[in-house]
Amino acid sequence: MSDPRRRVMCLVLSAQALRGLGYGLTAVQLGTILHDGGLGPAQVGLMLTAIVAGGALASLALARWADRFGRRHAYAALYLALAGCGALIATGAPPWLLGLAALSGALSVEVIESGPFTTLEQVMLAGTGAADRQVVRGFGLYNAVAATAGLAGALLGTLPPDRRLLGGVLIAVGVTGALLAARLPASVEVHLPDPGSASPPVRSRAIVTRLASLFALDSLAGGFVVQAYLAYWLNVHYQATTTTIGLLFAAVGLLQTVSFLLAPVVANRIGLLPTMVFTHLPSNLLLASVAVAPTFAVAAGLLLARACLSQMDVPTRQAYVMALVPPGERTGAAALTNTARYLARPAGPVLAGLLQPLGAALPFLVAGVAKSAYDLALWRIFRPVELPAGGME
């Protein structure tokens, strides 16, 4: 690995680790802090909607202007916006002001988010070359760091909710992240043909649109079985205690982190697209099987087996998108595919709730079938598509 690429890797992973810590803490404490500050359920929901909308708007803005403005400048600006959000939380600023700040896209309650930070980090980690083995390995490590840091942040969130704690952590993360962004080398930038060029995909528009549509389907299906619903179902169906469910989720998280690191090893042997499809498809069949598990032990075994495979498509998916499009169009491609996933996922829990009267296990079956359909469609559509020279097949 060349020195500039190694430097980019170290800086991005350091920034990602800090942000994962902050987001893990935010996911646990923000809702309670907003409630304690006098916000009702509808107002809290509106704030979370602003956070999701901000991530989408910021990603689309990056697709249009990030390469012209400069990736390093945009990255630093996002971290400074995160520090600003932290300052508003710490000082107990009016909720409407925090809502406006959240529209910057810097705030998130997802540890491994698909927002503007991810968009920039994907293209910077990919560099200007094809998706070689080092790039895929970098994406695997990138996601493993996010998951581990997010777990640490969630553990920190077990402390009593405190706006000064949360705000102070976000300020520290934002300021440090901006300093790390300033140290990124010029190699992370892309040279556009002329000053008026835009970043969104042009030559690759059709390919990126198909990918974004498929990724949205996968994300929507995943929203049917978010961890909160899974915990509820395990408790109701098997009378599992919260302690037992917590231990199961911790084990699932550990196996998913390992799967991030193993994904590049598999991709190096069979290629990016086969890894995406042929590890994801059996994990979806395992998910659907949970619906008919006769005991908690069987259900837990199926979930643990699924955790070994379910996340292997994440780093390979990120590398695949970067490999399919030329360097000058990668920011737009990352922004559009990430935003599609980010916007589709919240609809999953709503639809799962509507399925409840028809059977509590039905969301598992629907999610498994829909995600399997995504895998098969992805293979059918993109199997004939050849990656550019130097990319991993």
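The values are calculated or read from the model by the stated rules, or taken from the named source; none is laboratory data. This structure is a prediction, so every number in the text was calculated from the model and none was measured. Every residue, glycine among them, receives a Cβ derived from its backbone with ideal geometry; neighbour counts consider all protein chains shown.
Couple of notes before you dig in:
- Test: residue in segment 103-117 that is farther than 21 Å from Leu180 by Cα and assigned to a helix (DSSP H, G or I): no
- Of the residues contained in segment 367-381, none is found to be part of a helix (DSSP H, G or I), of a type in the set (Val, Ile, Thr), modelled with pLDDT of 85 or more and within 21 Å of the chain's Cα centre (by Cα).
- Failed item, numbered, when Thr128 is tested on (1) assigned to a helix (DSSP H, G or I); (2) out of contact with any Ser or Thr (no Cβ under 7 Å at 6 or more places or on another chain); (3) at pLDDT below 85: (1)
- Residue match in segment 334-342 (condition: surrounded by fewer than 15 Cβ atoms within 10 Å (Cβ to Cβ), touching a residue at least 12 places away in the same chain (Cβ under 8 Å), assigned by TED's automatic domain parsing to the domain that holds Leu286 and of a type outside the set (Lys, Arg)): no
- A count restricted to segment 1-33 and to residues that are within 17 Å of Glu110 (Cβ to Cβ) and out of contact with any Gly (no Cβ under 8 Å at 6 or more places or on another chain) stands at 4.
- Within segment 62-89, being surrounded by fewer than 24 Cβ atoms within 10 Å (Cβ to Cβ) and either at pLDDT below 85 or over 22 Å from Val175 (Cα atoms) (or both) holds for Arg64, Trp65, Arg68.
- Any chance Arg330 is of a type in the set (Lys, Arg), surrounded by fewer than 23 Cβ atoms within 10 Å (Cβ to Cβ), touching a helix residue (DSSP H, G or I) at 6+ places or on another chain (Cβ under 9 Å) and not assigned by TED's automatic domain parsing to the domain that holds Gly150: no
- Count of residues meeting criterion [assigned to a helix (DSSP H, G or I) and more than 20 Å from Leu62 (Cα to Cα)] in segment 321-352: 6
- Restricting segment 19-45 to residues that are surrounded by 20 or more Cβ atoms within 10 Å (Cβ to Cβ) and under 13 Å from Ala149 (Cα atoms), the residue that is modelled with the highest pLDDT is Arg19.
- Residue among Gly167, Gly92 that alone is assigned to a loop (DSSP other than H, G, I, E, B) and surrounded by fewer than 24 Cβ atoms within 10 Å (Cβ to Cβ): Gly92
- Residues of segment 149-164 satisfying the condition of being over 17 Å from Ala17 (Cα atoms) and in a helix (DSSP H, G or I): Arg163, Arg164
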